[in-house]
Every structure is written in structure tokens, then in C-alpha cells.
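The values are calculated or read from the model by the stated rules, or taken from the named source; none is laboratory data. Source: prediction; values computed, not measured. Virtual Cβ from ideal backbone geometry, glycine too; neighbours counted across all protein chains shown.
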Amino acid sequence: MAENAAPKQRGKPFEKGRSGNPKGKPPGARNKASLMLDHMLREDAAEVLTAVLEKAKAGDIQAARLLLDRLMPVRKGRAVNIDLPRIEKAEDLLTALSTTIEAMGRGELTPEETGMSIGTINALF
């Protein structure tokens with residue numbers, strides 16, 4: 001090693017709390033693989049969609065499922081109709097909670113729907 005050569009940097013080369021890229025990756029920046037996939041999709045999307053659609057029409061269940069899952073996704077919940085009393089005082093709150101739990105007991109509401117309903121009722125007070 002030459003006498004005037006600087007020694008190799010070991011460990012962390014930056015001060016504590018400072019990086020070599022203080023601004024970081026800009027928001028919305030995309031890597032090369034994502035950009036390439038986007039380009040490929042733009043070029044061939046119509047052809048791919050047509051091919052999948054033709055397979056679905058010919059009876060390919062996986063192609064049909066792929067299309068239907070994108071076009072008509074599974075609903076996460078449903079409209080729930082419960083006859084609740086008007087909630088004006090604390091006693092009304094207890095009646096509303098009891099009515100909701102009884103509806104679950106009769107099978108009119110799922111436990112998840114009951115939980116969401118109770119959360120909504122509790123938010124009133």
C-alpha cells in the first residue's frame with residue numbers, strides 16, 4: 001500500500017441522523033420492473049382481454065372467474081334493516097343494543113353485522 005493512500009472507510013460513513021440520500025426516494029417513483037410491466041400491459045391489454053373473454057365464453061371456468069372477480073367483486077357486507085327505537089336517552093340505547101343482539105339470535109344478522117351495528121349504536125353516546 002502506498003504511503004499517501006487514504007485508508008478504506010469502515011463502518012458507517014455518515015453522521016448519526018444523516019444519510020447519503022437525505023431526500024430519499026421521491027413519491028411515486030417506480031422501479032424498472034413495474035415500468036416494464038406497465039408498458040407491456042399498455043401494448044397488449046386489449047389482446048389479452050379478448051383472449052380471456054373468448055376462453056370464458058368457451059367454458060373455461062378459470063377465465064370466467066378471473067373476469068367475474070374483477071367485474072363483480074364479492075360484496076363486503078349488505079344492507080341491514082333492524083327496527084330500532086329512536087335513541088334519545090340511555091335507556092333507549094340499551095333497548096337498541098338488546099334488539100340488535102336478539103336479531104342475531106334469530107339469525108337475521110351475522111355476528112359480524114351485529115358487531116358493526118353495536119359499534120354504530122355505541123358511537124351515538
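A few comments on the model shown:
- Condition met for Gly59 (more than 30 Å from Glu102 (Cα to Cα), part of a loop (DSSP other than H, G, I, E, B) and at pLDDT 85 or above): yes
- Qualifying residue in region 105-119 (condition: in a loop (DSSP other than H, G, I, E, B) and either over 30 Å from the mean Cα position of the chain (by Cα) or assigned by TED's automatic domain parsing to the domain that holds Thr50 (or both)): yes
- Gly28 fulfils the conditions (1) in a helix (DSSP H, G or I); (2) small (Gly, Ala, Ser); (3) out of contact with any helix residue (DSSP H, G or I) (no Cβ under 6 Å at 6 or more places or on another chain) except for a single criterion, (1).
- Within region 31-42, the set of residues being surrounded by 10 or more Cβ atoms within 10 Å (Cβ to Cβ) and charged (D, E, K, R) comprises Asp38 only.
- Test: residue in region 94-113 that is among the hydrophobic types (A, V, I, L, M, F, W, C) and at pLDDT below 90: no
- Checked against the criterion of being among the acidic types (Asp, Glu), in a helix (DSSP H, G or I) and under 22 Å from the mean Cα position of the chain (by Cα), the candidates Asp69, Asp44 yield just one match: Asp69.
- Tally, over region 53-97, of residues that are surrounded by fewer than 13 Cβ atoms within 10 Å (Cβ to Cβ), within 13 Å of Leu124 (Cβ to Cβ) and touching a residue at least 24 places away in the same chain (Cβ under 8 Å): 1
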